1. Which of the residues belonging to the stretch 194-225 are over 14 Å from the mean Cα position of the chain (by Cα) and of a type outside the set (A, V, I, L, M)?
2. State which residue is surrounded by the fewest Cβ atoms within 10 Å (Cβ to Cβ) when the search covers only the stretch 114-123 and only residues that are free of Cβ contacts under 8 Å to residues at least 24 places away in the same chain and more than 15 Å from L167 (Cα to Cα).
3. Based on this model, can you work out whether A161 counts as part of a helix (DSSP H, G or I) and modelled with pLDDT of 95 or more?
4. Every residue in the stretch 130-154 that is open to solvent by 40 Å² or more (accessible area, probe 1.4 Å), assigned to a helix (DSSP H, G or I) and either small (G, A, S) or in contact with a helix residue (DSSP H, G or I) (Cβ under 7 Å, 6 or more places away or on another chain) (or both), please.
5. Among the numbered criteria (1) without any contact (Cβ under 8 Å) to a residue 60 or more places away in the chain; (2) under 22 Å from R207 (Cα atoms); (3) open to solvent by 60 Å² or more (accessible area, probe 1.4 Å); (4) under 35 Å from the mean Cα position of the chain (by Cα), which single criterion is violated by R44?
6. Pick out the one residue from D51, D83 that is more than 31 Å from the chain's Cα centre (by Cα), surrounded by 21 or more Cβ atoms within 10 Å (Cβ to Cβ) and among the acidic types (D, E).
7. Among the residues of the stretch 206-237, which ones are without any contact (Cβ under 8 Å) to a residue 24 or more places away in the chain, within 29 Å of W90 (Cβ to Cβ) and open to solvent by 10 Å² or more (accessible area, probe 1.4 Å)?
8. Examine the stretch 223-230 for a residue that is within 30 Å of Q298 (Cβ to Cβ), among the small types (G, A, S) and touching a Lys or Arg at 6+ places or on another chain (Cβ under 8 Å), and state whether such a residue exists.
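The values are calculated or read from the model by the stated rules, or taken from the named source; none is laboratory data. Since the model is a prediction, treat every value here as computed from it, not as a measurement. Heads up, the Cβs are rebuilt from the backbone with ideal geometry, glycines too, and the neighbour counts pull from every protein chain shown. In case anyone asks, the SASA skips ligands and DNA or RNA and just uses the protein heavy atoms, side chains included. Shrake-Rupley method; radii C 1.70, N 1.55, O 1.52, S 1.80 Å.
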Amino acid sequence: MDTAAVTARLDQARTADARERDRLCDEVAAELLAAGSPPAFEVRSADLDSDPYFICADRYWRRRFQDRPTVRTALECAHWMTDHATDGSWGAVAEQWGLGNGFLNRGSVESAAELAAVGEAATGAAGERIAFFLTLFHVGKLRANFCFDELHTVLASAPLALAAGSLRQEPVFVALQAFAAFGSRALTVGYATDLLERAWSAPGRSRHTVDICLNGLAFAAPFEGQGELLRIHAEEAVRAYPRDHMFHARLATGLHMCGRHDAALESIDTALTLLAASATASLGVLQDQYLTRRDAIQEGRLRALRDAEQQRRWDQQAAANAQLERSLHTSSVRVVEVVAVFTAAIAFAVGSLQVTLTGTLPLTDRLWLLAAQGAGLAFFALLVVGGTWLITRGRRREDRGSG
């Protein structure tokens, strides 16, 4: 195709609205593919929103990967990037195309032998970059399929990954190691968290690095504090990328894990709104994922409301039972005290009548006898009441404390 004509059309796309720009770039990419002619222009950014040159190249290579989703296509793409991606944009483009096309073509995963055969071509001055890109494409598939242990093994010891050399220290590479560690049942949470913080705090942290870190936290094997850790990091990501629907969705997941269902519902609704306005709106898989998450949040919210109502009823019933128990206990104590006083009164009455009616003692002696008998019975009643009070004193303190 005529390079000048392609450039003119892409320059025209710069001033068009987002929908028209996307259509023009898609048309040019389809024509380049039909003509068997890779893009001849230079890519200077990885901006899928406003850079028509990158959008066109992205559409072209996406079609190439869809037609032949193999690591050999990735090798051709890596060589094209070596000649057409500027040094300032190469890293961002490699992450976007390696991980993105790996995700889209996750159904086709190469064997170790196929990777080794292609890895032999990663030589020369650009050898590390080529090996790095091929590794991202392959592990992008493993990440999308949640093959945590295999992903960890590839990153740690696969010849292709080792050939990436110094690029293995890139934040996105460390983030992928953290993702694998979080999902693995054989690695510790402490090890995974250390990798996460190392990638998260790296000066050259990219948008993909942030996404992989949050993805690892969201799909990690359950551990204590997982939801709170995800919420904290997702809130930071949303502050840094307020228009990124993915990070709002991750924040919704973290809030949901923390039991903050209303805030989670607000975040997932924001994610759906941003998704509808983005260039990835055609990827229905994301919308389905967000809607599924929204349903889970709604269900969790309703369950929490039902649980709260049930707990309120249980608390009311427990309080009523405790009050009834206290009432019964107090009543039984009062009964004992009344019986003791009543018994003493009857005994005094009976005793005093016998002394009064049948006695032969002088009146003064009778009065003294009655007084002694009354004092003894009163002492008996007080002893019973006092003993009951002492015995039940501890219980009364417990009741006041619980009340």
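1. Filtering the stretch 194-225 for residues over 14 Å from the mean Cα position of the chain (by Cα) gives 194-210.
Matches in the stretch 194-225: D194, E197, R198, W200, S201, P203, G204, R205, S206, R207, H208, T209.
2. Our first condition is that a residue be free of Cβ contacts under 8 Å to residues at least 24 places away in the same chain; within the stretch 114-123, this holds for 117, 120, 123.
Next, from what is left, pick out any that are more than 15 Å from L167 (Cα to Cα): 117, 120.
Numbers: A117: 13, E120: 10.
Only one residue tops the list, namely E120.
3. Values: part of a helix (DSSP H, G or I): yes; modelled with pLDDT of 95 or more: no.
Here the answer is no, as A161 does not meet what is asked.
4. The answer is E150, H152.
5. Among (1) without any contact (Cβ under 8 Å) to a residue 60 or more places away in the chain; (2) under 22 Å from R207 (Cα atoms); (3) open to solvent by 60 Å² or more (accessible area, probe 1.4 Å); (4) under 35 Å from the mean Cα position of the chain (by Cα), R44 violates only (4).
6. Numbers: D83 fails: surrounded by 21 or more Cβ atoms within 10 Å (Cβ to Cβ).
After ruling out the rest, the residue left standing is D51.
7. E236
8. Going residue by residue through the stretch 223-230, those that are within 30 Å of Q298 (Cβ to Cβ) are 223-230.
Checking the rest, the ones that are also among the small types (G, A, S) come to 225, 227.
Okay, now just the ones that are also touching a Lys or Arg at 6+ places or on another chain (Cβ under 8 Å), so none.
Among the residues of the stretch 223-230, not one is within 30 Å of Q298 (Cβ to Cβ), among the small types (G, A, S) and touching a Lys or Arg at 6+ places or on another chain (Cβ under 8 Å), which makes the answer no.
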